[in-house]
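As structure tokens, the structure follows; a few thoughts come after it.
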Amino acid sequence: MHDIWNPWHGCVKYSEGCMNCYMYVLDKMRNQDGSHIYKTNDFAYPLSKNRDGTYKIQSGEKIRVCMTSDFCLEEADIWRDDVWSMIRRRQDVIFFILTKRAERLKECLPDNWGEGYENVILNVTCENQKRADERIPILLDIPAKHRGVMLAPLIGPIDLEKYLDGRIEEVTCGGENYGGTRACDFDWIKSLHNQCVNKNTTFTFIETGSHFVKDGIHYRVKGKVAQTRIAYRSKMNYQGKKPVYHLYDFFDNELRENQLYKREFSEHCVECASKPICNGCARRFGCKQCL
């Protein structure tokens, strides 16, 4: 997908949410070892240009970073400064930073972080109450312009409302996929939805996972398309207070709305629950999930 940037690939399993890591499963299907960590060929993706000299990533796009690894992975310390340099250079693009290693987040920030970069949203991922209570307070203690929480794979109920004081702008959750068999209960989803509505915080339920429980009945849901369609039809997604990103061009001029990337979707996207957090169809060809 065009909205993902993986400067490095591979990871070390870290907590119970990693038990059935989708990246490990997909790598095994390719006869690769998910624990092998390496710098990718797309390392400089934010600076990549088209033949006409324009950037491949357009102004205003939201790019998810390290979705096949962890941004704060210790083994990636040697590459991270260069990544921050590219993020700083592309002040016209929003970068979604995600980590389970919340305790390393502060030391992994750049020297000129200050109160945070305008174009970066810091996120921690939490799979249950224990990890939420460990990681979210650390996130809230770090200065940042934008913060979010990813609850995936959701493997237990989470009381999040005490943390939703306005500093967390968005909450995203989903069940376990691929090699995972741990259940995601719809009651947990409804509770999180209600908590976010109460605090006017954006909530996105992106997928059920392969083992979904509703009203005490266990369902096996095969395929990402079916999982996200069921999530969409649940009507759990909620748009809370919208964050304001101040994005700038190379000359530090703030960009206007009409200068930013406009998302476009195909007919296949109508019932996709991930639509609120997606950049839209990749250059009109559609995402892999749709094809």
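The values are calculated or read from the model by the stated rules, or taken from the named source; none is laboratory data. Note that the coordinates shown come from a computational prediction; the quantities given were computed from them, not determined experimentally. When we count neighbours, we look across all protein chains shown, and the Cβ atoms used for this are built from the backbone with ideal geometry, even at glycine.
Things worth noting here:
- Pairing residues of the range 269-282 that are surrounded by 18 or more Cβ atoms within 10 Å (Cβ to Cβ) with residues that are aliphatic (A, V, I, L, M) and in a helix (DSSP H, G or I), at Cβ distances under 6 Å and at least 6 apart in sequence or on separate chains, gives Ala273/Ala231.
- Among the residues of the range 2-14, those that are part of a loop (DSSP other than H, G, I, E, B) and either touching a helix residue (DSSP H, G or I) at 6+ places or on another chain (Cβ under 6 Å) or at positive phi (or both) comprise His2, Pro7, Gly10.
- Residues within the range 179-201 that are part of a loop (DSSP other than H, G, I, E, B) and surrounded by fewer than 17 Cβ atoms within 10 Å (Cβ to Cβ), tallied: 3
- Within the range 100-112, the residues that satisfy the criterion of being crowded, with 17+ Cβ neighbours inside 10 Å and assigned to a loop (DSSP other than H, G, I, E, B) are Lys100, Arg101, Leu109.
- Annotation: Trp8 fulfils all but one of (1) farther than 27 Å from Gly156 by Cα; (2) surrounded by 15 or more Cβ atoms within 10 Å (Cβ to Cβ); (3) of a type outside the set (Gly, Ala, Ser); (4) touching a Gly at 6+ places or on another chain (Cβ under 7 Å); the unmet one is (4).
- For the range 49-99, a residue qualifies if it is more than 28 Å from Gly17 (Cα to Cα), of a type outside the set (Gly, Ala, Ser) and assigned to a loop (DSSP other than H, G, I, E, B), and the qualifying residues are Asn50, Arg51, Asp52, Thr54, Lys56, Ile57, Gln58, Glu61, Arg90, Gln91, Asp92, Val93.
- Val25 passes every criterion in (1) surrounded by fewer than 21 Cβ atoms within 10 Å (Cβ to Cβ); (2) closer than 26 Å to Gln129 by Cα; (3) of a type in the set (Val, Ile, Thr); (4) out of contact with any Gly (no Cβ under 6 Å at 6 or more places or on another chain) apart from (4).
Here is a yes/no grid of residues against (1) crowded, with 17+ Cβ neighbours inside 10 Å; (2) touching a helix residue (DSSP H, G or I) at 6+ places or on another chain (Cβ under 8 Å); (3) under 17 Å from Asp252 (Cα atoms):
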{"position": "Asp52", "(1), (2), (3)": "no, no, no"}
{"position": "Ile57", "(1), (2), (3)": "yes, yes, no"}
{"position": "Glu61", "(1), (2), (3)": "yes, no, no"}
{"position": "Cys72", "(1), (2), (3)": "yes, yes, no"}
{"position": "Glu75", "(1), (2), (3)": "no, no, no"}
{"position": "Ile78", "(1), (2), (3)": "no, no, no"}
{"position": "Asp82", "(1), (2), (3)": "no, no, no"}
{"position": "Met86", "(1), (2), (3)": "yes, yes, yes"}
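- Single residue of the range 202-253 satisfying the filter (under 20 Å from Lys145 (Cβ atoms) and in contact with a Leu (Cβ under 7 Å, 6 or more places away or on another chain)) that is surrounded by the most Cβ atoms within 10 Å (Cβ to Cβ): Leu247
- Top-ranked residue of the range 267-289 - restricted to ones that are assigned to a loop (DSSP other than H, G, I, E, B) and more than 29 Å from Cys196 (Cα to Cα), ranked as modelled with the lowest pLDDT: Phe285
- Cβ-Cβ under 8 Å pairs, at least 6 apart or on other chains, the range 1-25 side in contact (Cβ under 8 Å) with a residue 12 or more places away in the chain and under 22 Å from Lys62 (Cα atoms), far side among the aromatic types (Phe, Trp, Tyr) and assigned to a helix (DSSP H, G or I): Trp5/Tyr45; Pro7/Tyr45; Pro7/Trp79; Trp8/Trp79
- Residue list for the range 202-250, restricted to those being more than 20 Å from the chain's Cα centre (by Cα) and part of a strand (DSSP E or B): His211, Phe212, Val213, Lys214, Ile217, His218, Tyr219, Arg220, Tyr248
- The range 147-159, residues that are surrounded by 23 or more Cβ atoms within 10 Å (Cβ to Cβ) and either outside any strand (DSSP E or B) or touching a residue at least 60 places away in the same chain (Cβ under 8 Å) (or both): Pro153, Leu154, Ile155, Ile158
- Selection from the range 103-123 of residues that are in contact with a Lys or Arg (Cβ under 9 Å, 6 or more places away or on another chain) and either acidic (Asp, Glu) or under 14 Å from Cys18 (Cβ atoms) (or both): Glu103, Glu115, Glu118
- Test: Asn200 is closer than 14 Å to Asn237 by Cα and in contact with a Gly (Cβ under 9 Å, 6 or more places away or on another chain): yes
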